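The values are calculated or read from the model by the stated rules, or taken from the named source; none is laboratory data. The model shown is predicted, which means the values in this text are computed figures rather than measured ones. Ideal geometry is used to build each Cβ from the backbone, glycine not excepted, and the neighbour counts take in all protein chains shown. We work out accessible area using only protein heavy atoms, side chains counted, and drop any ligands, DNA or RNA first. Shrake-Rupley method; radii C 1.70, N 1.55, O 1.52, S 1.80 Å.
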Amino acid sequence: MTQSRNYDTLFSGVIGQEYEMLKLICPLMTEMSRLVGDAVCDYSGMQDKLNVAELGGGTGITTLALLNARDNLHITSIDNEPTMQNQAKHNLKAWHDDGRLTFNGQDALSALQAMPPASVDIVASAYTLHNFLDSYRQDVIRECHRVLKPGGQFINGDRYAFDDVSQHTRLIQEEVAGYFKVLTGINRLDLLEHWIVHLLCDESENHVMRESVAIRQLHEVGFSDISVSDRMAVNALVKAVKPIITN
Ligand SMILES: C[S@@+](CC[C@H](N)C(=O)[O-])C[C@H]1O[C@@H](n2cnc3c(N)ncnc32)[C@H](O)[C@@H]1O
């Protein structure tokens, strides 16, 4: 409890209103960033310094969770939307100036393609991959595997759609009802429109990230020890390891 209060205080202080608003509209999103941070904290690699590539840093909520997870990491935070990344640059200036954080404004696939093979310990992300077109996402997953060192980990907290379409639809209906309740309550119809329009894109056939398909994609490019945990409605934490090949 105390830890969660400290966590919230840290985030409200650094990310400000953005964090408070997200907590109100979609508390599971802020919780998922915390879980991604916890997974990075649990990573068992013994390196002095861990090289982390973060896909879709946004305003810095997940980035801060990663920075908070452990001291011995350097993060390359990738986001191709300048209005989002500029907020992260402002919010996380202290960590950038301290040399723990670098920003990359390319799209995720181009940024990964520019990285040497086996150069990254962890690829971490929250709520970014579900935005991708499915074919682009497949290419990104392949690149994640290529850039990871053997033993490196892929950690993604995101919207993973249920394979049972009826169950998934019921949860989306509940989600929409929740947006109406919260955002009409604070008279933010502008945000309501934004969230509903975005949700329609997330749920479209060529974007939706169905759990079994996502797991299969990870298997196909060579990941092992794939796990799905911390399911909260349509959200889940997915982890996978690039195997160490021994002859
Ligand atoms: C929903 S936000 C998530 C931000 C943060 N991880 C969080 O959980 O609060 C998704 C972010 O992914 C970025 N994004 C979307 N498509 C991208 C792409 N192809 N390459 C890099 N970033 C992308 C968006 O600009 C946005 O900032």
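In table form, for the structure just shown:
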| quantity | calculated |
| --- | --- |
| Convex hull of the chain built on C-alpha atoms - directionally averaged projected area, nm² | 13.6 nm² |
| Convex hull (Cα only) mean projected area of the range 197-247, reported in nm² to one decimal | 4.5 nm² |
| Accessible area (Å², 1.4 Å probe, nearest 10) - ARG70 | 40 Å² |
| Of HIS207, GLN47, TYR160, farthest towards positive along the dipole that unit charges on Lys, Arg, Asp, Glu beta carbons give the chain | GLN47 |
| Heavy-atom accessible area order for GLU143, GLU81, largest first, 1.4 Å probe | GLU81, GLU143 |
| Shape category assigned to the range 182-225 from the gyration tensor of Cα positions, a/c cut at 1.5 | prolate |
| Residue-count net charge about GLU211 - beta-carbon cut-off 12 Å; Lys, Arg +1, Asp, Glu -1 | +1 |
| Per residue accessible area of the range 112-214, 1.4 Å probe, in Å² | 47 Å² |
| Rg/Rh ratio calculated on Cα atoms of the range 163-247 (Kirkwood radius) | 1.12 |
| Global form of the range 158-204, assessed from the alpha-carbon gyration tensor, a/c cut-off 1.5 | prolate |
| Gyration tensor verdict on the range 37-129 (Cα atoms; rounded if a/c is under 1.5, prolate if a/b is larger than b/c, oblate otherwise) | oblate |
| Debye log10 I(q)/I(0) at q = 0.23, 0.27, 0.29 Å⁻¹ for the range 100-161, Cα point scatterers | -1.07, -1.37, -1.45 |
| Order of exposure, largest accessible area first, which applies to LYS181, LYS239 with probe 1.4 Å | LYS181, LYS239 |
| Distance from the range 127-143 to the range 216-230 (C-alpha centre basis), Å | 14 Å |
| Span-like helix ranges in the chain, DSSP H, alpha carbon extent 24 angstrom or more, Kyte mean at least -1.0 | 165-185 |
